[in-house]
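The values are calculated or read from the model by the stated rules, or taken from the named source; none is laboratory data. Since the structure is predicted, the reported quantities are computational estimates derived from the model, not experimental observations. Quick reminder, even Gly has a Cβ in these numbers, built from the backbone with ideal geometry, and neighbours come from all protein chains shown.
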Amino acid sequence: MDLDEPREHVMSAASSNREIKLAEIISPQTTRARVAVNSWQEATEFAGELLVSAGKVHSRYVDAMKRVLQEIGPYAVIAPGIVLLHARPEDGVIEPCLGLITLATPVPFGHPENDPVDVVFALGAIDKHSHILALQQLANMLGDELSLMKIRSATEDGELYDILNSQNHVIAE
Amino acid sequence: MRIATLCGMGFGTSMMLKLFIDEILKVENIKAEVIPWDLGSFKGQQADIVVAPMDMAMHLKNVQAQVVLINNLIDKGEIKEKVLKAIQDQLST
């Protein structure tokens, strides 16, 4: 076995209380409901540009997110209708961030099972561990059908942000 | 037992998978180490079970471990069913 080297950054993050919460990486500025786009490229650019405008990532990060989808495949479509876009910290992340757009009309991302997509998250991480709590809160929210239904039915930006911001539940230790 | 979760970057999708699997293992009282990897770094590594998104299958043809492919990465039911079956397979061999 070659996995004997524990990934210490992962281990220490689990016991650290300096982890960033979901509420700290979302922003009204980077949350938009019912956006009209025609392709996965446009959806990715729109979500990415929100992060750029808010000063969270450099513009090259948007290209990097698109490149990841093209090079590694559409696995970022993590569930039916939901994509979690991201690239690497060194691709231009300024501070940890999570943008969310919902789409007026779903678009295909090239995933065999989970297309078309109408919920687009764009994650910017500064390292491999500090966003784990936020990711856990996000996963919990997406695993909850009621929350997901609320996200999909929100028609106003502020409404969508409030739904995200109300997610403070953490899996009990 | 070692379980590797994979994605392209090693901290988004694979981390989310790790979090769900850790939770399942805790409930089921199964001891296993779950480590998130990015696809590039994982090449040449070994694990008993590899858990990855379904559409990554083509990248995993040469992997020695038992491969578990997940379609809906936020569906705890799908993850639990497939991962527990793989663990049982491993324990019975």
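Things worth noting here:
- Filter pass, B:Met9 being in contact with a Lys or Arg (Cβ under 7 Å, 6 or more places away or on another chain) and either at positive phi or surrounded by 22 or more Cβ atoms within 10 Å (Cβ to Cβ) (or both): yes
- Test result for A:Ile78, within 12 Å of chain B (Cβ to nearest Cβ) and either closer than 21 Å to B:Leu39 by Cα or of a type in the set (A, V, I, L, M) (or both): yes
- Subset of the range A:15-55 [assigned to a helix (DSSP H, G or I) and of a type in the set (S, T, N, Q)]: A:Ser15, A:Gln29, A:Thr30, A:Gln41, A:Thr44, A:Ser53
- Residue in the range A:46-64 that is within 14 Å of chain B (Cβ to nearest Cβ), within 20 Å of B:Gly8 (Cα to Cα) and either crowded, with 24+ Cβ neighbours inside 10 Å or touching a residue at least 12 places away in the same chain (Cβ under 8 Å) (or both) present: yes
- Taken over the range B:10-44, the criterion of being closer than 18 Å to B:Leu84 by Cα and aliphatic (A, V, I, L, M) is satisfied by B:Met16, B:Leu17, B:Leu19, B:Ile21, B:Ile24, B:Leu25, B:Val27, B:Ile30, B:Ala32, B:Val34, B:Ile35.
- Within the range B:24-40, the residues that satisfy the criterion of being at the interface with chain A (Cβ under 10 Å from one of its Cβ atoms) and either in contact (Cβ under 8 Å) with a residue 24 or more places away in the chain or touching a Cys at 6+ places or on another chain (Cβ under 7 Å) (or both) are B:Glu33, B:Val34, B:Ile35, B:Pro36, B:Trp37, B:Asp38, B:Leu39.
- Residues (surrounded by 15 or more Cβ atoms within 10 Å (Cβ to Cβ), within 12 Å of chain A (Cβ to nearest Cβ) and farther than 20 Å from B:Glu28 by Cβ) located in the range B:41-64: B:Phe42, B:Gln45, B:Ala52, B:Pro53, B:Met54, B:Asp55, B:Met56, B:His59, B:Leu60
- Test: residue in the range B:73-87 that is touching a strand residue (DSSP E or B) at 6+ places or on another chain (Cβ under 9 Å), crowded, with 23+ Cβ neighbours inside 10 Å and modelled with pLDDT under 95: yes
- Against the criterion of being under 20 Å from A:Arg32 (Cα atoms) and either in contact with a Gly (Cβ under 7 Å, 6 or more places away or on another chain) or of a type in the set (Phe, Trp, Tyr) (or both), A:Asp157 does not qualify.
- Neighbours by Cβ (under 6 Å, 6+ apart or cross-chain): first from the range A:145-165, polar (S, T, N, Q); second surrounded by fewer than 19 Cβ atoms within 10 Å (Cβ to Cβ) and not in a loop (DSSP other than H, G, I, E, B): A:Thr155/A:Arg34; A:Asn165/A:Ala23
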